[in-house]
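The values are calculated or read from the model by the stated rules, or taken from the named source; none is laboratory data. Predicted model, so just to flag it, every value in this text is computed and none were measured. A quick note on method: Cβ atoms are made from the backbone with ideal geometry, for glycine too, and the neighbour counts reach across all protein chains shown.
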Amino acid sequence: MKFQDKIDDNSKIIGIPRAISYYYNYPFYYGYFKGLGFDIVLSYKTISKIINEGSKYVVSDTCLPIKVFVGHVVNLLSKGCDKIFIPSVQSTAYKVNNCTKVRGLPEIIRNVIDKPFTMIEPTLDKTNNICFKDFCYDTANQLGIFDEKIIDSAIESGWSIYNNFKQMTVDGVPFEEALNHAINNKTARKPIEIVRPISVVIMAHGYNLFDERISMRLIPKLEKMGVKVYTGLNVSKQDAVNSIQELGEIQYWANELDLTGAAAYYMLNERIDGIIALSAFGCGPDSLMVNELEYHASEKKLPMMHLTIDEHTGEAGFLTRVEAFVDMLIRKKRKKIEKSNIKFFQSPQKENTNIAIKQKEQNLTIV
Ligand code: SF4
């Protein structure tokens, strides 16, 4: 659907903002709402117009992802969508909480957008025994569906699509590709692992990292520099939980698996040369998690860079910082290789980041 395409018949349509929980749960939502007999209308991909719209409605020090979320709701309303799914995800496990803004999303929208529409606003709060099944039943009931067989079968199809999506991402299939395959009931082939000389893990919320406008296409930019990128999606839930425990930390924040969990997993397995933390300016939970990781990274002498973003972040300055970090990782790796008596050749091409790696007998040769 295009930016302002209008909806003809609203009766069996639910609007989903392409923001916040979309980046974790859309495969589930897709199977679930289809199972309930609803079609989904997504807001347009994040562009500057959406950010500017969202920014108009909230105070300026609100974090960028919330401004983006509000902009997506406005976009759905401009399409004529009259039912919009805005869940309140309070906690995802006992005492594993979301930040107040994510918890209060329905309240934020109710207070800042004065337009008539129906908000489908179920609550998930495992700390207070409101489990995921309750969340799904509440959603269906708000849509006027009470038949338990229909709801259970919709939940099942949601999980089936979600589990396929998650397995693909753990296998290394990129986010968009895994999403498209999952909602079409297909499975993408496990990609052949490309060996690259430098590997990093990005610790970030999915809604920051996989939104191409917010992250300024950080992943493809790094890959173009010859960097292997790992993210929270590549780590199974159990591995992320175990890694947090192994670091001696306690999971407190709902998105901690994608941040501390992912970074800890790759750090403990010594599969990375550096960590990039990407977070929104003014984000309280991220500042705590990033601090915690910085402590562990410095103990392991692992370089870490923290990038903060807001709606004014310029792409040129952002890219310069990323390039400088990658250059530093390459210099560090080169020294390590030279010390270990392995041959290392500088690329004859002008970009020393444009590197391919070749395994030559026992020697590692970087050309
Ligand atoms: S966790 Fe941080 S970035 Fe996400 S909504 Fe809360 S304050 Fe904003």
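Side notes on the structure shown:
- Where a residue in segment 290-318 is modelled with pLDDT under 95 and its partner, wherever it lies, is small (Gly, Ala, Ser) and in a helix (DSSP H, G or I), with Cβ under 7 Å and at least six apart: Leu293/Ala263; Glu311/Ser55
- Summed over segment 321-341, the residues that are surrounded by fewer than 18 Cβ atoms within 10 Å (Cβ to Cβ) and assigned to a helix (DSSP H, G or I) give a count of 13.
- Criterion violated by Asp258 - all others in (1) at pLDDT below 90; (2) away from the ligand (no atom under 13 Å from the Cβ); (3) under 26 Å from Ser91 (Cβ atoms) satisfied: (2)
- Segment 36-67, residues that are small (Gly, Ala, Ser) and either part of a loop (DSSP other than H, G, I, E, B) or buried (at least 21 other Cβ atoms within 10 Å of the Cβ) (or both): Gly37, Ser43, Gly54, Ser60
- Condition met for Tyr32 (within 14 Å of the ligand (Cβ to nearest atom) and outside any loop (DSSP other than H, G, I, E, B)): no
- Failed item, numbered, when Leu143 is tested on (1) assigned by TED's automatic domain parsing to the domain that holds Ala264; (2) in contact with a strand residue (DSSP E or B) (Cβ under 7 Å, 6 or more places away or on another chain); (3) crowded, with 17+ Cβ neighbours inside 10 Å: (1)
- Subset of segment 104-137 [in a helix (DSSP H, G or I) and surrounded by 18 or more Cβ atoms within 10 Å (Cβ to Cβ)]: Leu105, Ile108, Ile109, Lys126, Phe135, Cys136, Tyr137
- On the stretch given as segment 301-320, residues that are surrounded by 12 or more Cβ atoms within 10 Å (Cβ to Cβ) and either aliphatic (A, V, I, L, M) or more than 12 Å from Leu259 (Cβ to Cβ) (or both) total 12.
- When restricted to residues that are in a helix (DSSP H, G or I) and within 16 Å of the ligand (Cβ to nearest atom), segment 68-86 contains 6.
- Residue in segment 194-210 that is more than 16 Å from the ligand (Cβ to nearest atom) and either more than 27 Å from Asp327 (Cα to Cα) or exposed (fewer than 15 other Cβ atoms within 10 Å of the Cβ) (or both) present: yes
- Flag if His296 is farther than 21 Å from Cys99 by Cα and either small (Gly, Ala, Ser) or assigned to a loop (DSSP other than H, G, I, E, B) (or both): no
- From the list Asp61, Asp82, the lone residue that is within 24 Å of Gly314 (Cα to Cα) and at pLDDT below 95 is Asp61.
- Candidates Ile219, Ile214, Ile250, Ile244: the one that is of a type outside the set (Asp, Glu), free of Cβ contacts under 8 Å to residues at least 60 places away in the same chain and within 21 Å of Arg18 (Cα to Cα) is Ile219.
- Only residues that are within 16 Å of the ligand (Cβ to nearest atom) and in contact with a helix residue (DSSP H, G or I) (Cβ under 8 Å, 6 or more places away or on another chain) were counted across segment 87-134, and they come to 15.
- Filter result for Val227 (out of contact with any Pro (no Cβ under 7 Å at 6 or more places or on another chain), in contact (Cβ under 8 Å) with a residue 24 or more places away in the chain, under 23 Å from Tyr265 (Cα atoms) and buried (at least 18 other Cβ atoms within 10 Å of the Cβ)): yes
- Residue in segment 1-18 that is surrounded by fewer than 20 Cβ atoms within 10 Å (Cβ to Cβ), among the small types (Gly, Ala, Ser), assigned to a loop (DSSP other than H, G, I, E, B) and within 16 Å of the ligand (Cβ to nearest atom) present: no
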